[in-house]
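What follows is a single structure, written as structure tokens, with notes after it.
The values are calculated or read from the model by the stated rules, or taken from the named source; none is laboratory data. Since this is a predicted model, take the numbers as computed values, not measurements. Cβ: placed from backbone, ideal geometry, glycine included. Neighbour counts: every protein chain shown. In case anyone asks, the SASA skips ligands and DNA or RNA and just uses the protein heavy atoms, side chains included. Shrake-Rupley method; radii C 1.70, N 1.55, O 1.52, S 1.80 Å.
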There are 2 protein chains.
Amino acid sequence: MEENGEFNPFHSQILTATVGNASAMFLGQYTYTLDDKGRLTIPARFRDELTGSIVVTRGLDHCLTIYPMDVWDEIAQKVNALPITDPRGRALRRVFFADASSAELDRQGRILIPDRLREYAGLGLTTEAVIVGLDRFLEIWAPERWEETNARQMEMMDENPALWENLQI
Amino acid sequence: MEENGEFNPFHSQILTATVGNASAMFLGQYTYTLDDKGRLTIPARFRDELTGSIVVTRGLDHCLTIYPMDVWDEIAQKVNALPITDPRGRALRRVFFADASSAELDRQGRILIPDRLREYAGLGLTTEAVIVGLDRFLEIWAPERWEETNARQMEMMDENPALWENLQI
DNA sequence: TATAATTGTGGGTGATTATGGGGAAAAATG
DNA sequence: CATTTTTCCCCATAATCACCCACAATTATA
């Protein structure tokens, strides 16, 4: 609901609706409170794309990631193809799956964040959390950490443009 | 096939767990107590995927593994396909088959862990055990061992981002 | 602007779950 | 064959979890 007071061009319902191939399109950032039971409300405009099961897991840079099932399936398939005879295959498998958690939205549109993941992301109970839409999935951040990471990334972009050259975007 | 020490998960010829029907999906880690009768409760959310017979056996890294029957069949088939002339084939056969034990959940959702397997995993009676979901099967760990292994794996991932990149996620 | 609908958030309550223990059946032992 | 031991099933219970309802605040609608 509250959009951190900034102009958000992706606010409209139209843009968040499905486009053709039924893949979700999550855009924008929102701040919600994690209640004392570890529940986090998912923005109402994202809920249509998150019916049925979803997967919450550990993301990079100490944030959490929420995947719709179809996106998760792609990842799980790749991880499942790793050889269990290779220690590195076993490690990746464990890192990916052991901290993942499948969940469903309750009737109020919330999900339960397991304690372990909450702590990994530096989130307490009865605290704010930032939900960031990244087109195909969501990220959940502790506000301070999001602030900081976001700033550092902008800085990186400004100071060292060469870093971004070979991305072909 | 070249093996220059680099990890390419998709080039392994030894043992790759295949991608099957998306029915089973074991995710997350849970701590339960192994009671003085050697029984271990399986998390309720996993039980629907473990009706009928399951297989408990030794895993790599001194943990135990629990397979639903269809997944076990796949693994057994792959191990059987390994040439007995290859020392690795012989080793894997012994690890997987020699102490395998078929079991069923009792009406309270528990399985009985045979003594030999318990000892292999460093588990006593009336102790805690960590049950780790790895999507298609489960692992059972002595808490200290899991703690240590997990920490080392995280480290490995942090120090070696190339491991992630092979996954193309 | 007034009214209706939706959304975020909190709390209460019934259902589920983890886990210990008792007792019947089966197996082992002498 | 009798007795002890082991194995396994089922019940009981306390704690946890998830569902549901309610309210307040915001947004949409007329």
With r as the distance between the Cβ atoms of B:ILE84 and A:TRP164 and R0 = 30 Å, compute the FRET efficiency 1/(1 + (r/R0)^6) and round to 0.05. 0.05
Which angle from 0 to 90°, rounded to the nearest 10, does the C-alpha axis of helix B:87-97 make with the longest principal axis of chain B? 20
Between beta-carbons, use under 15 Å as the cut-off and find the net charge around A:LEU50, counting Lys and Arg +1, Asp and Glu -1. -2
Amide H proximity to A:LEU134 below 5 Å, modelled H, separation 5+ or other chain, gives A:PHE26, A:GLU139
In degrees rounded to 10, the 0-90 angle between helix B:143-159 Cα long axis and the longest Cα principal axis of chain B is 20
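What does the average come to when, for each residue of peptide B:147-157, you count the partner chain Cβ atoms lying within 10 Å of its Cβ? Numbers along the way, then the final one.
On the way: counts 0, 0, 3, 5, 0, 2, 9, 5, 1, 5, 7.
If you average over the peptide's residues, the count of other-chain Cβ atoms is 3.
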Cα pair distances exceeding 29 angstrom across the protein assembly as shown, given as percent: 45
For segment B:112-125, just list the computed ³J(HN,Hα) in residue order, Karplus coefficients 6.51, -1.76 and 1.60, θ = phi - 60°, integers in Hz, with x standing in for Gly and Pro. 9, 8, x, 3, 5, 5, 4, 5, 4, 8, x, 9, x, 8
Go ahead and estimate [θ] at 222 nm for chain A from helices alone: -39,500 (n - 2.57) per DSSP H run with n ≥ 4, summed, over the residue count, rounded to 500. -9000 deg cm²/dmol
Multiply the residue separation of B:THR31 and B:GLU144 by 0.36 nm, subtract the distance between their alpha-carbon atoms, and state the gained length in nm to one decimal. 39.5 nm
For the pair B and A, total buried accessible area rounded to nearest 100 Å², probe 1.4 Å: 3200
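Considering only protein heavy atoms and a probe of 1.4 Å, how much of the accessible area of segment B:23-165 is carbon and sulfur, as a whole percent? Walk me through the numbers on the way to the answer.
Working: 3410 of 7040 Å².
On segment B:23-165, the fraction of accessible area on carbon and sulfur atoms equals 48 percent.
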Here the correct list, in nm and shortest first, of distances from A:GLU155 to the same site in the other copies, label points 7 Å along Cα→Cβ, is 2.9
Net charge, A:LEU105 excluded, C-beta distance under 12 Å - Lys, Arg +1, Asp, Glu -1: 0
Taking the label point 7 Å from Cα in the Cβ direction, how far apart in nm is B:MET69 from each other copy of itself, listed shortest first? 2.5
If you take each beta carbon of peptide B:132-139 and count the beta carbons of other chains within 10 angstrom, what is the mean? 5
Along each of its three principal axes, how wide is the spread of alpha-carbon positions in segment B:23-165, in whole angstrom units, largest first? 42, 36, 31
Using alpha carbons only, how many degrees (0 to 90, rounded to 10) separate the axis of helix B:69-81 from the longest principal axis of chain B? 40
Taking the full set of protein chains and a 1.4 angstrom probe, give the accessible area of A:GLU159 in square angstrom, rounded to the nearest 10. 140
Could you tally the net charge around A:PHE137, taking each other residue with its Cβ under 12 Å from the Cβ of A:PHE137, Lys/Arg +1 and Asp/Glu -1? -4
